[in-house]
Amino acid sequence: MAFLRDRTAGSTEWFRNRIDKLFTCPEVLHRLKALTDLRNEQRCGFDLSRELTTFACMAVSPHQGRPEFLNRYWARRTGKKWKALTEFPDRLEKIADDVQTINRADPHFYARRRGNDLSRLELLRLQENCMQLPLMIRDYAKALRERNASIAAATPRSGRSNGLFQLTEIVKFLTGSYHDQEVSELLNAVANALGEEREFDAIEVAQARSRFKKKKT
């Protein structure tokens with residue numbers, strides 16, 4: 001079954017660290033044990049504590065570390081945050097427009113140098129580079145914009161509702177029933193351990209599961 005995979009694999013270091021932190025919290029372990037003790041071994045003989053904790057973490061995490069992932073892995077060593085990186089193509093195109101305007105105003109500005117240290121061939125090469133610069137900048141802006149869009153599309157967004165749904169489905173798979181009260185108690189313990197201002201009750205868990213099912217269909 002798809003929900004049995006450990007979703008921490010391949011996820012961000014931020015997300016894995018949060019899950020590891022939960023396994024050091026006595027209250028989380030207590031609520032986790034309350035669920036695993038309900039397991040029907042005829043239905044499932046596996047220990048799915050990691051999966052239960054993973055989806056509980058997803059259910060209470062507002063962004064699942066997406067901003068951190070984008071900044072850490074896709075903006076690293078650029079000297080910019082991800083947001084600034086996505087805005088940079090527009091800045092580059094503005095610079096290209098400015099350069100082109102300057103070129104048109106004085107096509108020979110490149111030759112108006114204080115020294116005569118360049119040969120005629122070097123001046124021609126400089127002229128060609130200066131005239132081609134706006135096009136090169138626009139090409140770079142286009143490539144960067146497409147690169148950013150590809151990364152943004154491939155990076156998962158918040159999946160609270162999916163996490164809660166998968167959590168309840170695992171519980172049903174383990175025990176034969178949803179046990180929404182025990183699930184809500186686990187979620188509250190996880191939220192408290194992670195410093196998330198969220199509260200759950202059994203009715204909310206059941207309603208969220210129903211909404212998610214309707215959305216999928």
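Just so you know, all these numbers are worked out from the coordinates, no wet-lab data involved. As the structure is a computational prediction, the values presented were derived from the model and not from experiment. Here the Cβ positions follow ideal geometry from the backbone for every residue, glycine too, while neighbour counts run over all protein chains shown.
Observations on the structure shown:
- Residue-wise HN-Hα coupling along segment 181-194, computed from phi with Karplus coefficients 6.51, -1.76, 1.60 (Hz; x: Gly, Pro): 5, 5, 5, 5, 5, 5, 4, 5, 5, 5, 4, 5, 5, 8
- Mean residue ellipticity at 222 nm, helices only, the chain: -21500 deg cm²/dmol; runs of at least 4 DSSP H residues each add -39,500 (n - 2.57), and the sum is divided by the number of residues.
- Pairs exceeding a 22 Å alpha-carbon distance, out of LYS83/LYS142; LYS21/LYS214; LYS172/LYS213; LYS172/LYS214: LYS21/LYS214.
- Restriction of the GluC sites (Glu not before Pro) in segment 36-134 to DSSP coil positions whose beta-carbon has at most 14 other beta-carbons within 10 angstrom yields GLU41.
- Longest DSSP-loop-exposure-free segment, trypsin sites (Lys or Arg not before Pro), the chain, at most 16 other Cβ within 10 Å: 115-156
- Cut-off of 10 Å, at most 13 other beta carbons, DSSP loop: longest stretch of the chain lacking such chymotrypsin sites (Phe, Trp or Tyr not before Pro): 47-217
- Check: segment 29-103 dipole with +1 on Lys, Arg Cβ and -1 on Asp, Glu Cβ, in debye: 300
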